[in-house]
Ligand code: MG
């Protein structure tokens with residue numbers, strides 16, 4: 001190694017060293033699935049959708065918020081949804097999944113990060129997500145306190161997968177470090 005090539009702090013790129021932008025980023029990924037059951041409300045992304053079946057689960061079965069919660073926790077290596085809200089605990093029976101998401105956001109903040117953007121894919125035969133995508137996008141953005149344009153909501157049907165009675169969600173998140181060092185550096189230059 002050339003002396004000084006990785007001058008302190010170790011691990012930053014040449015671009016970061018050159019520009020003084022020490023901002024770190026983290027990627028997270030989560031997925032979840034729930035089975036459809038008649039006679040319960042269908043909640044996806046914190047929005048109740050009109051449908052004759054809902055998603056069964058210990059909580060309200062919100063498959064998108066569960067995958068999002070795991071993606072956020074994974075990005076800061078803070079465990080998974082089950083380590084905070086075990087399905088064996090009666091306390092979380094029928095719980096609003098927004099509670100899970102809020103805990104994940106607390107962990108993200110505690111680690112010194114904030115959400116940059118989110119992308120998601122829902123896989124389900126019914127109902128069609130297209131007509132509700134905007135509403136889900138707006139609600140997820142509101143829960144994450146970010147702009148709607150930073151929340152991707154996509155949907156596909158499960159061709160050839162044999163999972164027509166289930167809803168599956170995949171979520172990727174990008175976090176950015178809350179840049180205390182950069183702020184300090186700017187102040188010093190004034
Ligand atoms: Mg779940």
Would you mind computing, in nm to one decimal, how far apart the modelled labels at residue 48 and residue 111 are, each placed 7 Å from Cα along Cα→Cβ? 3.4
What full-extension length gain, to one decimal in nm, is calculated for residue 179 and residue 126 as 0.36 nm per residue of separation minus the Cα-Cα distance? 14.8 nm
For q = 0.17 Å⁻¹, what log10 I(q)/I(0) does the chain give under the Debye formula with an equal point scatterer on each alpha carbon and no solvent? -1.05
With Cα springs under 10 Å, the Gaussian network model of the chain assigns the largest mean-square fluctuation among 71, 155, 167 to 155
Just how far, in whole angstrom, is region 102-175 from region 76-93 if you go by their alpha carbon centroids? 19
Ratio of region 36-113's C-alpha Rg to 2.2 N^0.38 Å, to two decimals? 1.13
Residue 56 versus residue 96: modelled label distance in nm, points set 7 Å from Cα along the beta carbon direction: 2.6
Zone of residue 40 (label point 7 Å along Cα→Cβ, backbone N under 20 Å): which residues in region 116-154? 122-128
Cα-only Rg/Rh for region 7-76 with Kirkwood Rh rounds to 1.33
Choice from 104, 67, 18 with maximal GNM fluctuation in the chain (Cα, 10 Å cutoff): 18
At 222 nm, what value in deg cm²/dmol follows for the chain if DSSP H runs of at least 4 each add -39500 (n - 2.57) and the sum is divided by all its residues, to the nearest 500? -9000 deg cm²/dmol
Sorted by Cβ neighbour density within 10 Å, fewest at the top, the residues 132, 58: 58, 132
Looking only at 143, 122, 17, which one moves most when the chain is put into a Gaussian network model with springs between Cα atoms under 10 Å? 17
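Read-outs throughout are calculated quantities, based only on the coordinates presented, and are distinct from any laboratory measurement. Note that this is a predicted model, so its numbers are computed, not measured. Virtual Cβ from ideal backbone geometry, glycine too; neighbours counted across all protein chains shown.
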